[in-house]
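The values are calculated or read from the model by the stated rules, or taken from the named source; none is laboratory data. These numbers were taken from a predicted model, which means no experiment stands behind them. Glycine gets a Cβ as well: all are built from the backbone with ideal geometry, and neighbour counts include every protein chain shown.
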Amino acid sequence: MLIKKTTLTALLSSVMFTAGMSSVVAEQETVGDFTRGAKAWSQNCIRCHNVRDPKELRDDQWITTTFHMRIRAGLTGQEVRDIIAFLQQSN
Amino acid sequence: MNTQYFRFSVLACALGLASISSTYAATDIEKLQAEVDELKQKVEQAAEWKKPKTLIHLAGFADVGYTDADNSPSTFNLGTFAPIFHYQFSDLVMLEGELEFEINATGATSVSIDYLTVDIFVNDYMAFVGGKFLSPLGQFRQNLHPSWINKVASAPAGFGHDQAAPNAEVGIMLRGGFPLGGNSANYAIYVGNGPFLEWDAADGEVHAIETPGIGTDVDGKKVVGGRFGYYIPDTTFEFGLSYASGKASLKDGSTYEEGRDYDVTGVDFTYRPGNFDIRGEFIKQEYGTLATSTYDTAGGIWEAWYVQAAYKFLPSKWEAVVRYGEYDTPHASQDVEQWVAGVNYLFASNVIGKVNYEFNDNPNAGQTANDRVLLQLAYGF
């Protein structure tokens, strides 16, 4: 019973958190910025691994790779769009 | 007469040439047009690769190696082949799956699912993750274990499979990042099936806290946990705090006992000044007592920590690394105090050759030398 309550509380908190976050992003940008992307790329990749050359992958492969890293590294959606813009334009 | 014949001949030739020239020009233009059309089609097809709604990508890593240990014969080994499949629909959903292929001592190949999740990008600051995922507690298991990332050929003591650091979970998770105080925060919160306690009947003890990411929660006891990280980009410093709590049941064959308290606490950091890469982590798993247990009424603690420093000798491709760690369990025979020193050569940012010397001591069990030489070639693709 205690576990059920704990699980329910966690899920409820998550939903409330989601709702709260949704209101924050009402006016989010939808395009990436090359300059911000270059900075985010150089500052975030090194948290875990060596920096990868933009020419290592095709443009479309950078999209999936960067979304994968959004999950792994806790990047924001805007950081992802910026990094993709940087990688594709440098490719 | 001759003059007339000559004029007629010239006129006939001129008309003939004009006709041939006209025919040739028309054919040439048609051919050119066909080539342009073909090129246009190719360009359009090429553009389709850049932004289709569905993307498929195969990534992953692999490594091969050689081990020469004090107490066992030297051996070449095929470490890991771990392809990662990415299927993405627009910026809404991604399916991620990592398989792990390994060859055992008899030459047989084993395959396991390291993780398999469906991720829904809820908004810019949150993603919903469902399935089997690498434990978000700490850093090593979820982000540093791939051999092309790990700067040492082995995992830190206590951070291998089913040791002190939780390996994987089956459940649901919310994770993401957001700006905080001019820097970046990241988080992961999950509910999962949790671990079980593996009973070793021969030794009459709980052998390990097993955290492979169990697909069926036989005891119905869930674990809730997560990690909060705070990253200061200008100083390249990040620290993280991890915590999880729930119930875990002792498993003896197919028999499960009543659940007992289970908790995980952890702290980790990363710091990247200049050519240095410095990181460290502490993790502790513990389970509580159970007075009614017919196996073992006592609780147990598995804990481990390490610190690691690496330095790149730029602009060369050489890198030096040193790591120290300790692993402490309820069983003296499992405990380790470990030093590793190594030299790496970066063939590319994702291709790394490693030469390590690992010092393993276990003063708790009276062992002072179980050292190993490790060679490894790792490729992240």
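Some values worked out for this structure:
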item	result
Matching residues in the stretch B:177-193 - criterion: being at pLDDT below 95 and within 21 Å of the chain's Cα centre (by Cα)	none
The one condition in (1) at negative phi; (2) within 14 Å of the chain's Cα centre (by Cα); (3) at pLDDT 95 or above that A:Thr35 fails to fulfil	(2)
Filtered residues of the stretch B:237-267 (kept if closer than 30 Å to A:Asn44 by Cα and among the aromatic types (Phe, Trp, Tyr))	B:Phe237, B:Phe239, B:Tyr243
Any hit, the stretch B:82-97, residues being in the same structural domain as B:Val321 (by TED's automatic domain parsing) and in contact (Cβ under 8 Å) with a residue 60 or more places away in the chain	yes
So B:Ser242, is it modelled with pLDDT under 95 and polar (S, T, N, Q)	no
Residues satisfying the stated conditions in the stretch B:207-233, i.e. farther than 23 Å from B:Phe140 by Cβ and either modelled with pLDDT of 95 or more or buried (at least 16 other Cβ atoms within 10 Å of the Cβ) (or both)	B:Asp217, B:Asp219, B:Lys221, B:Lys222
Answer from B:Phe178, B:Phe196 - the residue that is among the aromatic types (Phe, Trp, Tyr), over 19 Å from B:Glu96 (Cβ atoms) and either surrounded by fewer than 24 Cβ atoms within 10 Å (Cβ to Cβ) or not assigned by TED's automatic domain parsing to the domain that holds B:Arg323 (or both)	B:Phe178
Unmet requirement for B:Phe239, which otherwise passes all of (1) assigned to a strand (DSSP E or B); (2) within 14 Å of chain A (Cβ to nearest Cβ); (3) buried (at least 17 other Cβ atoms within 10 Å of the Cβ)	(3)
Where a residue in the stretch A:39-59 is within 28 Å of B:Gly240 (Cβ to Cβ) and its partner, wherever it lies, is of a type in the set (D, E, K, R) and buried (at least 17 other Cβ atoms within 10 Å of the Cβ), with Cβ under 7 Å and at least six apart	A:Ala40/A:Glu79; A:Ala40/A:Asp82; A:Cys45/A:Arg52; A:Ile46/B:Arg272; A:Arg47/B:Glu238
Filter pass, B:Ser90 being hydroxyl-bearing (Ser, Thr, Tyr), at positive phi and surrounded by fewer than 22 Cβ atoms within 10 Å (Cβ to Cβ)	yes
The stretch A:28-86, residues that are closer than 18 Å to B:Pro146 by Cα, more than 8 Å from chain B (Cβ to nearest Cβ) and not aliphatic (A, V, I, L, M)	A:Cys45, A:Thr66
Residue, nearest to the other protein chains (Cβ to nearest Cβ), within the stretch B:31-76, restricted to residues that are of a type in the set (Lys, Arg) and outside any helix (DSSP H, G or I)	B:Lys51
Residues of the stretch B:188-242 classified as of a type in the set (A, V, I, L, M) and within 26 Å of B:Phe128 (Cβ to Cβ), total	8
Residue that is nearest to B:Trp199 (Cα to Cα), among those in the stretch B:297-324 that are among the aromatic types (Phe, Trp, Tyr) and surrounded by 15 or more Cβ atoms within 10 Å (Cβ to Cβ)	B:Trp302
Lone unmet requirement of (1) surrounded by 15 or more Cβ atoms within 10 Å (Cβ to Cβ); (2) closer than 21 Å to B:Tyr379 by Cβ for B:Val111	(1)
Conditions (1) facing another protein chain (nearest Cβ under 7 Å); (2) outside any loop (DSSP other than H, G, I, E, B); (3) surrounded by fewer than 20 Cβ atoms within 10 Å (Cβ to Cβ); number of the one not met by A:Gln89	(1)
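Matching residues to (1) free of Cβ contacts under 8 Å to residues at least 24 places away in the same chain; (2) over 23 Å from the mean Cα position of the chain (by Cα); (3) part of a helix (DSSP H, G or I):
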position: B:Tyr311; (1), (2), (3): no, no, no
position: B:Leu314; (1), (2), (3): no, yes, no
position: B:Val321; (1), (2), (3): no, no, no
position: B:Pro330; (1), (2), (3): no, yes, no
position: B:Ser333; (1), (2), (3): no, yes, yes
position: B:Val343; (1), (2), (3): no, no, no
position: B:Leu346; (1), (2), (3): no, no, no
position: B:Ile352; (1), (2), (3): no, no, no
position: B:Asn356; (1), (2), (3): no, no, no
